[in-house]
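Data block below; observations after.
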Amino acid sequence: MHDWGKRLQHALLKRRISKLYALAAEIGVNESAMSRWKKSDAISVHNAIQLCAALDISLDWLLMGRGSIDAHKDKEREPERGPVDSFLISLPDEDLARLVTALERLVEAASSYRPTARD
C-alpha cells in the first residue's frame, strides 16, 4: 500500500469498522474528516495519534508504511527510550497538545517558506 489513505482503509476493514460516525465521535472530528482521510487528505499529528489509538494500530505503519499494522504491540521490537521520549511521555496532556500545535505550525511555516536572493 503506497499511501496512508489505503492503509487507513485496510485498518478499518481489519478492525471491522464500516460506520465512520462512531469512530469520528470517539476521535472528536466529524465524519467528513474521516472520509477525507480515507482519500489520503492531510491529517494533523494530534488527529493521527488519536486515530491510531482508537483503531489500535501503529502510527508508523499508518503514516509511513513502515513495519506492520500491529508493530506497536511488539514489545521486543520497541526501541530504547531516549531522553526526548521520556520528556514527551512525562508531559501533561495539555502541554503535549500545545507542543504538537507548535510543531504543526512550525512545519506549516517551513513548508510555505520560499528562499529569497538575500537568503
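Under the definition of Cα pairs under 8 Å and six or more residues apart, what whole-number percent is the relative contact order of the chain? Intermediate results must be reported in sequence, preceding the final value.
Values: 79 pairs, mean separation 27.0, N = 119.
It rounds to 23 percent for the chain.
Using a simple charge model, +1 on the beta-carbon of Lys and Arg, -1 on the beta-carbon of Asp and Glu, nothing else, what dipole does the chain show about its Cα centre, in debye to the nearest 20?
Working: 18 positive and 18 negative charges, 120 e Å.
That gives the chain a dipole magnitude of about 580 debye.
What shape does the stretch 1-76 have by the C-alpha gyration tensor, where a ≥ b ≥ c are the square roots of the eigenvalues, rounded means a/c under 1.5, and otherwise prolate means a/b greater than b/c and oblate the rest? It would help to have the intermediate numbers written out before the result.
Working: a/c = 1.60, a/b = 1.43, b/c = 1.12.
It comes out prolate by the Cα gyration axes.
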| task | Can you find, among S68, G5, C52, the residue farthest towards the positive end of the dipole of the stretch 1-76? Put +1 on the C-beta of Lys and Arg, -1 on that of Asp and Glu. | result | G5
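Ignoring everything except DSSP H segments at least 4 long, calculate the 222 nm mean residue ellipticity for the chain; use -39,500 (n - 2.57) per segment, divide by total residues, nearest 500. Numbers along the way, then the final one.
Numbers: 7 runs with 72 residues, N = 119.
About -18000 deg cm²/dmol.
Values quoted throughout were computed directly from the atomic coordinates according to the rules given, and no laboratory measurement underlies them. Values in this document were obtained by computation on a predicted structure and should not be read as measured data. With ideal geometry, Cβ positions are generated from the backbone for all residues, glycine too; neighbour counts draw on all protein chains shown.
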